[in-house]
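Bear in mind these aren't lab numbers, they're just calculated from the coordinates by the rules spelled out. Note that the structure is predicted; figures quoted are calculated from it, not measured. Here the Cβ positions follow ideal geometry from the backbone for every residue, glycine too, while neighbour counts run over all protein chains shown.
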Amino acid sequence: MNKYLFALSVPLLSLNMAQADDGLYSPRPDWVQPIAEIPVFSKQGHHYDQQYLLVDRQLDLTQPNPVEYKRYTSKIVSIEGVESASQLSIDFDPSYQSVNVHRLEIIRNGKTIDRKTSAKTSQFKREVDLDSLLYNGEETLHIVLDDVRVGDIIDFSYSISGFNPVFGEHREWYIKTGWATSVA
């Protein structure tokens, strides 16, 4: 019995990963005001495993289906940073939101390396309040980058389209202002 169960679960896992990749990557939206220059790393400040060089969040509420654009650029400063920075997670609710990744790059010694084709992606349910019997339907798109090294700069951007229909015409949005490390 276990032999058949295993044989059935492998194609399902592969199908889920294929669905996560299907249509995942797209160009940056035209309405985004790009930041071309990445700030340089500063040894001053408070660093753990990486220093965030750029945190860019833009929101377009003019569309019927609002879009939030996010870009994170960080320099890896320790071996612990290799592990944490090479695993990227995007949380969203697929019942009313969709995700598009625009940039997935490593900058090493001044050269940009596109990692869209080599990154491993998976999508899974994330019920963080399951212990309290609260189900919210959120999922996590998890992206793992290969060949990440100390000194690399990870440049990652994506957008999430859609807002919770429960709020009707109203929008809720927050900006994270507390970081565990310095932001240039």
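Counting other beta carbons within 10 Å of each Cβ, put HIS142, HIS170 in order, fewest first.
HIS170, HIS142
Which FRET efficiency value, to the nearest 0.05, is calculated for PHE167 and ASN109 with the Förster distance at 35 angstrom and r the Cβ-Cβ distance?
Efficiency for this residue pair is about 0.15.
So between SER95 and LYS43, what do we pick up on full extension, going 0.36 nm a residue minus the alpha carbon distance?
14.4 nm
Sort ILE107, ILE35, ILE175 so that the residue with the fewest other Cβ atoms within 10 Å of its own Cβ comes first and the one with the most comes last. Don't skip to the end; give the middle numbers.
Details: ILE107 17, ILE35 12, ILE175 7.
Least to most surrounded, the residues fall as ILE175, ILE35, ILE107.
Stretch THR177-LYS70 to full length: gain in nm at 0.36 nm per residue minus the Cα-Cα span? Please report the intermediate quantities before stating the final value.
Working: separation 107, 0.36 × 107 = 38.52 nm, distance 1.42 nm.
Contour length minus the Cα-Cα distance gives 37.1 nm.
Based only on other Cβ atoms within 10 Å, what is the fewest-to-most ordering of THR112, THR181, THR73?
Taking fewest neighbouring Cβ atoms as first place, the list is THR112, THR181, THR73.
Mind scanning LYS70/LYS125; LYS116/LYS176; LYS43/LYS111 and naming the pairs with a C-alpha gap bigger than 25 Å? Spell out each step's value before the answer.
Working: LYS70/LYS125 22 Å; LYS116/LYS176 27 Å; LYS43/LYS111 22 Å.
Long pairs (Cα-Cα over 25 Å): LYS116/LYS176.
What does the extension gain come out to for ILE35 and ARG57, with contour length at 0.36 nm per residue minus their alpha carbon separation?
6.8 nm
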